[in-house]
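These notes are about the structure you will find just below.
Please treat every number below as a calculation from the coordinates, not as lab data. In this text, all values refer to a predicted model and were calculated from it rather than measured experimentally. A quick note on method: Cβ atoms are made from the backbone with ideal geometry, for glycine too, and the neighbour counts reach across all protein chains shown.
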Amino acid sequence: MRTEHFETLRPVCPVCKADSGQLNSLVIADVTQQEGTQIVQGVLHCTHGACQREFPVIDGVPLIIRNIRSYLSENAFQIALRDDLSPNLESLLGDCLGAGSTFDICRQHLSSYTWDHYADLDPQKEDGPPIPGSMVRVMHQGLDLADTHCSLAERSGPMVDIGCSVGRSTFALAERYRSLTLGVDLNFPMLRLASRLLRTGTVSYPRRRVGLVYDRREFHAPLPNAELVDFWACDAMALPFADGAFAAATSMNMLDCVASPVDFLGAMASVLGSGAPAVITCPYDWSISATPMECWIGGHSQRGPEGGASEPAFRRLLKQNASQSRKYLHLLAEKEVEWQVRVHSRSTMCYKSHLVLVQTEDGVSF
Ligand SMILES: C[S@@+](CC[C@H](N)C(=O)[O-])C[C@H]1O[C@@H](n2cnc3c(N)ncnc32)[C@H](O)[C@@H]1O
Ligand SMILES: [Zn+2]
């Protein structure tokens with residue numbers, strides 16, 4: 001966690017914000033390991049006397065999450081997982097723990113997303129297609145729209161990349177706009193990889209070949225304006241910031257991964273300043289393991305007027321929010337884009353993702 005990001009973004013206690021609407025600042029209460037201006041291990045405290053919640057900073061990642069106890073118990077394995085094992089021992093562990101284990105799922109996620117985000121910088125290329133970087137190419141298409149429709153390039157202020165995963169989109173935002181940029185996600189192994197990249201300039205990840213066979217890839221990744229980037233663990237549906245803290249937001253392929261897309265859109269609108277743009281993409285790949293069916297945007301009730309399609313349901317939701325919210329997201333432009341996720345060396349999932357450019361507008365005052 002960079003002290004400059006903490007001081008500029010002034011995170012508030014997510015417990016106080018959710019329970020009483022109070023915006024109580026967090027302070028850095030303890031630093032046990034620091035590298036330059038980056039806190040690697042430490043503790044943040046809520047300043048409110050009746051709350052005094054503590055939030056740890058682990059492996060450079062502050063965990064500013066409302067229900068920190070259940071997050072830690074659900075993610076204890078990922079957080080405590082050591083990363084100093086040789087590739088041989090790691091492979092043996094993978095075989096013993098087996099397919100579908102938490103260890104296996106973490107490696108698969110790291111493989112798929114790190115490959116798409118950073119494999120263009122890996123000197124050891126794989127043979128043949130597909131080409132990495134699909135998400136960042138899509139993001140730039142959205143940012144081109146934001147430059148045209150909202151003069152994003154001329155706006156100043158911090159930017160937030162929500163659901164940043166291993167972080168290449170966050171670096172791409174900082175490179176393009178030279179603004180202080182924050183990537184937030186809830187997946188600790190992915191954030192740990194991104195945070196280590198900030199401190200070491202190196203990407204290290206298991207690239208899946210087939211089955212439980214992974215090759216460890218480690219390479220230097222020079223990323224322009226990396227000093228403007230930081231990565232925090234925050235819930236997209238309960239962002240720990242004051243209203244209007246950010247000048248722009250991106251959220252690539254995560255709307256269908258949250259428990260409540262409506263709460264996420266509301267949280268995003270509230271942390272954006274007036275007239276701030278946001279680029280959102282979503283393949284509408286609904287699954288009940290992430291989102292209860294009642295909360296899907298489309299994807300059910302095909303006998304209704306929208307035939308179960310997600311795109312009109314999303315447009316309707318945005319319009320509906322306009323009449324019910326203090327600040328809402330107004331649709332400016334949309335397009336269909338292609339996004340690929342590499343599963344292993346012989347398999348890639350190809351998605352058609354719906355890209356929308358929205359901008360905050362002031363709505364009903366209560
Ligand atoms: C399908 S991945 C997309 C990752 C990346 N944006 C990309 O396009 O390559 C969805 C990401 O959203 C994150 N995510 C899911 N629910 C979240 C939440 N409530 N708050 C923050 N991040 C979340 C996941 O951990 C994952 O990294
Ligand atoms: Zn508090």
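Brief remarks follow.
- Residue with peak Gaussian network fluctuation, the chain [Cα springs, cutoff 10 Å], from G211, G94, G304: G304
- 222 nm mean residue ellipticity, helices alone, for the chain (DSSP H n ≥ 4; -39,500 (n - 2.57); rounded to 500): -9500 deg cm²/dmol
- Evaluating 6.51 cos²θ - 1.76 cosθ + 1.60 at θ = phi - 60° for every residue in the stretch 23-38, the Karplus couplings come out as 9, 9, 5, 9, 10, 7, 8, 7, 10, 9, 8, 9, 10, x, 9, 9 Hz, glycine and proline recorded as x.
- The stretch 314-330 versus the stretch 52-93: alpha-carbon centroid distance in Å: 37
- Ignoring aspartates and glutamates fewer than eight residues from K17 along the same chain, the ones with Cα atoms less than 18 angstrom from its Cα are E54, D235, D243, D263.
- Its alpha carbons considered, the stretch 238-366 gives a radius of gyration followed by a Dmax of 15.3, 55 Å.
- Largest mean-square fluctuation among A221, A146, A248, in a Gaussian network model of the chain whose springs join Cα atoms under 10 Å apart, belongs to A221.
- Candidate lysines for bridging to K319, where Cα separation is under 25 Å - those fewer than 8 sequence places away on the same chain excluded: K327, K335, K352
- Summary value for the stretch 85-362: 19 percent relative contact order, contacts being C-alpha pairs under 8 angstrom separated by 6+ residues.
- For the chain, a Gaussian network of Cα nodes joined below 10 Å ranks R168, R217, R207 by mean-square fluctuation, and the top entry is R217.
- For the stretch 3-74, the Kirkwood estimate of hydrodynamic radius, built from reciprocal distances between every pair of different alpha carbons, is 12.5 Å.
- Of all DSSP bridge pairs formed entirely within the chain, close to 70 percent run antiparallel.
- Cβ charges +1 (Lys, Arg) and -1 (Asp, Glu), total dipole of the chain, debye: 260
- Rg/Rh for the stretch 34-172, where both radii come from Cα atoms and Rh is the Kirkwood radius: 1.03
- Amide H contacts of M254 (H built 1.01 Å from N, in plane; Pro and chain starts excluded): T281 sit under 5 Å, all sequence-distant by 5 or more or on other chains.
- Within the straight-line cut-off of under 20 Å between alpha carbons, the aspartates and glutamates reachable from K125 are D116, D215, E218, sequence neighbours fewer than 8 places apart in one chain being disregarded.
- The stretch 174-241 and the stretch 120-159 have Cα centres separated by 15 Å.
- Spacing of the two label points (7 Å from each Cα toward its C-beta) at T3 and Q320, in nm: 4.7
- Whole-percent pair-distance distribution, where bins are 20 Å wide, for the alpha carbons of the chain: 29, 60, 11, 0
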